[in-house]
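Right, one structure below, let's go through it.
The values are calculated or read from the model by the stated rules, or taken from the named source; none is laboratory data. Everything numeric here is computed off the predicted structure, so don't read it as measured data. Cβ: placed from backbone, ideal geometry, glycine included. Neighbour counts: every protein chain shown. These accessible areas exclude ligands, DNA and RNA; they are computed on the full protein's heavy atoms, side chains included. Shrake-Rupley method; radii C 1.70, N 1.55, O 1.52, S 1.80 Å.
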Amino acid sequence: KRVVAFISGSGSNMLTLAKACAAADFPAEIVAVFSDKPDAGGLEKAQALGIPTFVFPRKDFASKEAHEEAILAELDRQRPDIICLAGYMRLLSGRFIARYEGRILNIHPSLLPLFPGLDTHRRAIDAGMKIAGCTVHFVTEGMDEGPAIVQAAVPVLAGDTPADLAARVLTVEHQAYPLALRLMAEGSVRMENGRAVATETG
Ligand code: GRF
């Protein structure tokens, strides 16, 4: 299965997916990495692996629509089966999501439906949570609302700073995302009527 990964930052999740895809028995390959940030650290990581990269700086486009138009034009050329948002910090329009409905994954650093949106680790600590984690989910029109495919949990320890918790969650993100991508690529899970469903072949 052909995968296009979208990043805006360090790309540690994209790198983890690329390494997982390199295994002979893994049913997917990352054919391109897209970013909205020319200085995204993940771009160099992708290039070091020989993965084609495409950058679409928002400031180069007159509107969100034009920006997305350019992204979609290149994305269609890549013929992706699956799109993995990996630290991509921009919301996709309903039109974009409809175009690739059921084939867009995202990783969010909280145990959804708790703490959608930003600054999840500080919010979890401030709420007195004793458990935190990440969610890999199908992307739907609402932000961080799509059905979950894989979740992974970690303890929140006394004295944790948001950075401590972020680092602990990131380690399980790097386990959860490759698992979710494998399930998607081998056809073990799909989205149906807005829910993640297991398929018999899985
Ligand atoms: C991660 O916490 C991820 O959950 C969030 O962005 C952060 C950085 O991800 N979406 P990466 O290192 O750029 O993959």
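Would you point out the residue of segment 43-89, among those that are part of a helix (DSSP H, G or I) and within 16 Å of the ligand (Cβ to nearest atom), that is nearest to Ser188 (Cα to Cα)?
The residue in question is Ala46.
Provide a single number: the residues in segment 153-202 that are basic (Lys, Arg), open to solvent by 70 Å² or more (accessible area, probe 1.4 Å) and closer than 12 Å to Ala132 by Cβ.
0
Could you please let me know if Ala5 is part of a helix (DSSP H, G or I), touching a strand residue (DSSP E or B) at 6+ places or on another chain (Cβ under 6 Å), within 13 Å of the ligand (Cβ to nearest atom) and of a type outside the set (Asp, Glu)?
No, not satisfied.
Hey, can you tell me all the residues within segment 128-151 that are in a strand (DSSP E or B), aliphatic (A, V, I, L, M) and either surrounded by fewer than 19 Cβ atoms within 10 Å (Cβ to Cβ) or more than 15 Å from the ligand (Cβ to nearest atom) (or both)?
Correct list: Ile131, Ala148.
Report, ordered by the first and then the second residue, all pairs with beta carbons closer than 7 Å, sequence separation of six or more or different chains, a first member in segment 79-95 that is more than 14 Å from Ile7 (Cβ to Cβ) and touching a residue at least 60 places away in the same chain (Cβ under 8 Å), and a second member that is open to solvent by 70 Å² or more (accessible area, probe 1.4 Å) and more than 16 Å from the ligand (Cβ to nearest atom).
Asp81/Lys1; Asp81/Arg103; Ile82/Lys1; Ile82/Arg103
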